[in-house]
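Below: one structure, written as structure tokens.
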Amino acid sequence: MKHLLYRLLRAGTLRWTGAAFAILLPISAAAQNEEPTPDSESTPPGLAYTAEIEGDLSNRLRSLIDESAALLTETERLPASEAALRRRLRDDIDRIARVLRSEGYYRNEIESVVDDSADPIHIRIDVEPGPRFRLENYEISYQEPVPDSAPRTAEDVGLELGQPARAAALQAAAREIPLWLNQNGYPFGRVANTRYLADMDDATVRAEIIVAPGEPAAFGPLSIIGVESVRKDYLHRILGWEEGRTYDQRETERVRRELSRTGLFDTVIVDTPDEVEADGELPVTAEVAERPHRTIGAGVSYSTDEDGPGIEVFWEHRNLFSEAESLRLEASATRPRQSLTADFRKPNYLRLEQALLFENELRHERSEAFDELTSSHFLGLERRLSDNWTARAGPSLLLTRVTEDDETELYGLVGLTGGVSYDGSDDPLNPTKGARLDASVTPYISAVGESARFVRAETSGSFYLSPFDSDRLVLAARGRFGTLAGSSHGDIPANLRFYAGGGGSVRGFAFRSVGPLDDDDDPIGGRAVAEIGLEARIKITDTIGIVPFVDAGQVYKTSWPTGEELRIGAGLGLRYYTSFGPLRLDVATPVNPRKGVDRAYQFYISIGQSF
């Protein structure tokens, strides 16, 4: 008989009509019906054997078969008896046949030979895959009328006539049809039946896909239930729901995503009824559960430079006036510096994807570089440009008293800050892939106090790569560049100059110590800075990792890097990975220390990666 009719059931079973067996589509290489793992204390070690698989196989087929064969992969779980060994062999033959069929080899032959006179028993499986079947025709038919743009050919579902008739590719193509329907007005579209006609002589397959599109629908009203303290009209405004729009399941996913992105809810479930209403509409319900809107937290750090031990505490309210407004109060202190911050953010201000920011900081510091008492303020707008890009701009005010070389100066600076940031990384505390970028520029002019007029620009970025598609090895790199243009070095407040060195900069050198020094070897800062850092984050276990690293950087008196030697630090870090982020211990030493200035080593303890 030239043609054999195959029927693909909804559950994924490919039956050969008129025969007593079935083959599965898609094919799984997972072992099934294996004997239980023997108890080492109550059962013998098992029956030793060797096994080999022979045949004219491509590299891909060889790899798939080797991975599916328990005789090769379960060598540490020896069968308890010869009967169990033969059961494992039978199961492997079935698995190999499924692998072959899944790759389009439907006319295969598999034979096995068991030499039980050998010690250990030797098993050989001979595999003849036969010809690889090709897709000759792909026909899609609909039980009810649908738009002309609906998928109707192999190309419409990502196939090409003449390609290998792989089971996984055929099933993936069939899934594209209800996906298109669900995105174009047919919420209950489904594949009603699939049939494959295989020509065993020509080694070709013809596919017939029968589709039940279901009743077309438009979106009905959106209901949000479970809201307690958040204003519903605010949620409806940010969602921008369009009642009467043609049904598209991507829109329901957008509703779920946007509600989750507010940070106000622990759970968000978006659902629709099981059938279209009489008026042709399908209402949508979003059920939410609000999360606690207040958070209190704390953190500690330690470094051997002048910072010493440090502590940070914060309080945050994420729904201050019932429209996702956030207020964060934070206090931090180390031995030389203390600060209080109060940051307010109102999302979707005046327009969607735009936030009003009001950021304030009161900072006190006594260090070898300078002493300061500063009050800084920023009022501006932040706009989301895309999923990863954000821009911000607005006026700033800086009131500062700076003491340098026993001279105290007062500044009242007005600035206009603008900047962009990009975050394409996958985790804020432990990124393993992606990149980050932050760039800002602020022109300052004196309003009161000492005269100064300058522009401060700075950009920093980092890049993360997991070369083996896992977090066992992460290669990380960072860079920083900043410049000051306008006033001379001495006319720029010391606390606005650039510095380098320390745990978040060039490790191995003390905080701010890289760059020009005065006669007492105290840092004086510069008008330009350049830094680079490289790390290899290696996980030894799921919770323990080591991080060899090297940092380099320099600070310059001029507004552009000149010929000064880069200061280089290198070291080794230890990471303990927790559910909230890695605990970090870094030990670093200067590669090219300055005699009488730099210590032999520095170490740093904190939460999160160094960058």
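Each value in this text was obtained by applying a stated rule to the coordinates, not by laboratory testing. Predicted model only: the values in this text are computed from it and were never measured. No Cβ is skipped: glycine too gets one built from the backbone with ideal geometry, and neighbour counts run over all protein chains shown.
Between Asp201 and Asn59, the simple label model (points 7 Å from Cα in the Cβ direction) yields a spacing of 3.7 nm. For the listed peptides 54-61, 209-216, 526-533, a ranking on the average number of other beta carbons within 10 Å per residue, highest first, reads 526-533, 209-216, 54-61. Partners of Lys539 within straight-line reach, counting lysines whose Cα lies under 18 Å from its Cα and excluding those fewer than 8 residues away in the same chain: Lys433.
A simple rule links phi to the HN-Hα coupling: the Karplus curve 6.51 cos²θ - 1.76 cosθ + 1.60 with θ = phi - 60°, which for region 346-359 gives 10, x, 6, 8, 6, 7, 5, 6, 9, 10, 8, 10, 9, 10 Hz, with x for Gly and Pro.
Across region 225-374, C-alpha contacts under 8 Å between residues 6 or more apart give a mean separation that, scaled by the residue count, equals a relative contact order of 15 percent.
Could you tell me which label, among (1) 3, 11, 16, 17, 15, 15, 13, 8, 2, 0, 0; (2) 3, 10, 10, 8, 8, 8, 6, 5, 5, 4, 4, 4, 4, 4, 4, 5, 4, 3, 1, 0, 0; (3) 3, 15, 23, 22, 17, 10, 5, 3, 1, 0, carries the value of P(r) over Cα pairs in 10 Å bins from 0, in percent calculated for this structure? Here P(r) over Cα pairs in 10 Å bins from 0, in percent agrees with entry (1).
Relative contact order of the chain, taken over Cα pairs closer than 8 Å and 6 or more residues apart, is 7 percent.
Give the shape of region 45-89 as rounded, prolate or oblate, defined through the alpha-carbon gyration tensor: a ≥ b ≥ c are the square roots of its eigenvalues, a/c under 1.5 means rounded, and otherwise the shape is prolate if a/b is larger than b/c and oblate if not. Prolate shape, in that a/c is at least 1.5 and a/b is the bigger ratio.
Does region 328-438 come out rounded, prolate or oblate by the C-alpha gyration tensor, with a ≥ b ≥ c the root eigenvalues, rounded set by a/c under 1.5 and, if not, prolate when a/b is larger than b/c and oblate if not? The shape class here is prolate. Does region 547-587 come out rounded, prolate or oblate, given a ≥ b ≥ c as the square roots of the eigenvalues of its C-alpha gyration tensor, rounded meaning a/c under 1.5 and, failing that, prolate meaning a/b above b/c? Prolate, because a/c is 1.5 or more and a/b exceeds b/c. Taking amide H as placed 1.01 Å from N in the peptide plane, Ala218 has its amide H under 5 Å from the amide H of Tyr247, Glu281, Leu282, each at least 5 places away in sequence or on another chain.
For region 370-376, backbone phi angles converted through the Karplus equation (6.51, -1.76, 1.60; θ = phi - 60°) give residue-by-residue couplings of 6, 10, 8, 9, 10, 10, 10 Hz, Gly and Pro being listed as x. Using Cβ point charges alone (K and R +1, D and E -1), the dipole size of the chain about the Cα centre works out to roughly 620 debye. For Ala69, nonlocal amide neighbours, meaning residues 5 or more places apart or on other chains whose placed amide H falls under 5 Å from its own, do not occur.
Computed 3J(HN,Hα) for region 596-601, one whole-Hz value per residue from the Karplus formula 6.51 cos²θ - 1.76 cosθ + 1.60 where θ = phi - 60°, is x, 10, 9, 6, 5, 7, glycine and proline marked x. Pairs of Cα atoms nearer than 8 Å and 6+ residues apart set the relative contact order; for region 173-305 it is 25 percent. In region 116-255, the DSSP beta bridges split such that about 60 percent are antiparallel, to the nearest 5. Assuming charge only on the beta carbon of Lys and Arg (+1) and of Asp and Glu (-1), the dipole of region 488-545 about its Cα centre is about 400 debye to the nearest 20.
Spin-label model, Ala212/Asp406: points 7 Å from Cα along the beta carbon direction are separated by 9.3 nm. Of the beta bridges in the chain, as assigned by DSSP with both residues counted there, near 90 percent are antiparallel. Scanning residues 5 or more positions from Ala165 or on other chains, those with amide H under 5 Å from its amide H are Phe133, Arg134, Leu135, with H placed 1.01 Å from N in the peptide plane.
Of all lysines in the structure, those lying under 20 Å Cα to Cα from Lys346, and not within fewer than 8 positions of it along the same chain, are Lys232. Most simply put, region 207-319 has about 75% antiparallel DSSP beta bridges, counting only bridges with both residues inside it. Given +1 at the Cβ of Lys and Arg, -1 at the Cβ of Asp and Glu and no other charges, the dipole of region 277-353 around its Cα centre is 500 debye to the nearest 20.
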